[in-house]
1. Just to be sure I understand, how many residues within segment 218-233 are touching a Gly at 6+ places or on another chain (Cβ under 7 Å) and either modelled with pLDDT under 95 or over 22 Å from GLY296 (Cα atoms) (or both)?
2. Identify, please: which residue in segment 188-210 is of a type in the set (S, T, N, Q) and part of a helix (DSSP H, G or I) and is, among those, farthest from GLN279 (Cα to Cα)?
3. Residues to consider are ALA187, ALA191, ALA268; find the one that is of a type in the set (Gly, Ala, Ser) and touching an Asp or Glu at 6+ places or on another chain (Cβ under 8 Å).
4. Within segment 77-90, identify whether any single residue is under 21 Å from ILE136 (Cβ atoms), aliphatic (A, V, I, L, M), surrounded by fewer than 17 Cβ atoms within 10 Å (Cβ to Cβ) and modelled with pLDDT of 95 or more, and answer yes or no.
5. What helices (runs of 4 or more DSSP H) lie completely within segment 1-80 and have 2 or more residues being outside the structural domain of LYS127 (by TED's automatic domain parsing) and free of Cβ contacts under 8 Å to residues at least 40 places away in the same chain?
6. GLU116 is checked against (1) under 21 Å from ALA17 (Cα atoms); (2) within 21 Å of the chain's Cα centre (by Cα); (3) in contact (Cβ under 8 Å) with a residue 24 or more places away in the chain and fails just one. What number does that condition carry?
7. Hey, could you check segment 262-297 for residues that are free of Cβ contacts under 8 Å to residues at least 12 places away in the same chain and part of a helix (DSSP H, G or I) and say which is nearest to PRO231 (Cα to Cα)?
Amino acid sequence: MEIVGFIGLGAMGLPMARNIIKKGFPLVIMPHRNMEPVNILQGLGAKVVKTPKEVAQESNVLITMLPSSKEVEEVMLGENGVIEGVKPGSVVIDMGTSMPQSTVMIAERLRERNVEMLDAPVSRGVKGAEEGNLCIMVGGKREILERCRPILETMGKDIFYIGTNGQGHIVKLLGNLISISNMAIIAESFALGTKLGVDPKVLFDVLINTAADGFILRTQIPGVLSRNFTPGFKAKLASKDINLALELAKNEEVPLFVGATVSQLFTAVKDLGYGEENQSAVIKVWEKLLGIEVKGK
């Protein structure tokens with residue numbers, strides 16, 4: 001059985017790692033800025049080491065679930081990084097949302113040491129991570145995906161092979177470009193409706209029965225109506241991801257007219273102090289501008 005290393009025990013990483021160990025895979029972890037996830041996993045039998053280098057030395061499939069390419073590059077290539085300890089024949093899997101160019105660069109560096117890499121970003125948020133029901137988008141060699149499929153299946157039910165290294169991260173960024181932009185237009189619509197005197201709960205009940213229905217509407221607006229902005233996907237991460245999509249498009253000289261506007265909107269969300277709240281806190285930009293509150297009666 002593969003020994004799995006896991007680095008990045010945040011809101012998504014903890015339930016993902018917990019599902020891996022609960023399905024019987026030996027797990028190696030390292031200290032996190034919040035030690036509670038480490039203690040939880042250690043209680044389930046995980047081995048705790050001190051550095052990314054040691055995680056790599058103790059495992060043959062190593063997973064990262066980190067906020068951005070910057071953190072991934074530091075963990076992989078920095079001092080006491082994964083690349084210093086990883087064994088030939090091992091596999092590294094980046095399951096966060098990263099820049100494809102960075103992924104390709106890291107994959108090339110690892111391949112020099114006879115180590116393969118998959119980019120396997122995920123969707124469906126914390127709830128999907130807790131339920132082991134993530135959607136996983138995989139870039140890399142197909143045969144490496146098949147080797148790692150039993151591990152990925154502990155975390156997700158829908159696993160898609162996209163193509164070569166970086167392709168998984170491209171699809172993830174495109175999906176987030178759509179969903180985050182959708183969140184913005186839904187928030188705008190509910191703010192306008194509320195300003196015009198429409199009951200937001202009635203508006204929601206109607207829209208889920210029209211062509212406006214969709215995953216973001218159904219999953220995000222109930223929290224807005226109950227004024228619950230507990231993060232499933234933080235607004236500051238939505239801002240980061242939309243900017244990654246813009247950078248990707250800029251490199252290819254492709255204009256993103258809507259995406260650019262949404263980027264500025266989520267910058268305003270952070271500037272107003274709502275970055276740590278759920279992405280649905282974007283509606284607070286209009287609430288502040290219009291002097292309204294969108295909530296159920």
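The values are calculated or read from the model by the stated rules, or taken from the named source; none is laboratory data. Keep in mind it's a predicted model, so treat the numbers as computed, not measured. Positions of Cβ are generated from backbone atoms using ideal geometry, with glycine treated the same way; all protein chains shown enter the neighbour counts.
1. As a first pass, look at segment 218-233 and keep what is touching a Gly at 6+ places or on another chain (Cβ under 7 Å): 225-226, 229, 232-233.
Filter once more, keeping what is either modelled with pLDDT under 95 or over 22 Å from GLY296 (Cα atoms) (or both): 232-233.
Qualifying residue count, segment 218-233: 2.
2. At the first step, the residues of segment 188-210 found to be of a type in the set (S, T, N, Q) are 189, 194, 209-210.
Filter once more, so that each one left must be part of a helix (DSSP H, G or I): 189, 194.
On the way: SER189: 16, THR194: 19 Å.
That would be THR194.
3. Working: ALA187 fails: touching an Asp or Glu at 6+ places or on another chain (Cβ under 8 Å); ALA268 fails: touching an Asp or Glu at 6+ places or on another chain (Cβ under 8 Å).
The unique qualifying residue is ALA191.
4. First, pick out the residues of segment 77-90 that are under 21 Å from ILE136 (Cβ atoms): 82, 90.
Of the ones still in play, those that are also aliphatic (A, V, I, L, M) are 82.
Then drop every residue that is not surrounded by fewer than 17 Cβ atoms within 10 Å (Cβ to Cβ), which leaves none.
No, segment 77-90 contains no residue that is under 21 Å from ILE136 (Cβ atoms), aliphatic (A, V, I, L, M), surrounded by fewer than 17 Cβ atoms within 10 Å (Cβ to Cβ) and modelled with pLDDT of 95 or more.
5. Working: elements: 13-22, 35-43, 52-58, 69-77.
Helices (runs of 4 or more DSSP H) meeting the threshold: none at all.
6. Answer for GLU116: the failing condition is (2).
7. Going through the qualifying residues, I end up with ASP271.
One line per residue, one yes/no per condition, for (1) under 15 Å from PRO100 (Cα atoms); (2) within 15 Å of the chain's Cα centre (by Cα):
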{"position": "GLY132", "(1), (2)": "no, yes"}
{"position": "GLY140", "(1), (2)": "yes, no"}
{"position": "LEU145", "(1), (2)": "no, no"}
{"position": "GLY156", "(1), (2)": "no, yes"}
{"position": "ASN165", "(1), (2)": "yes, no"}
{"position": "GLY168", "(1), (2)": "yes, yes"}
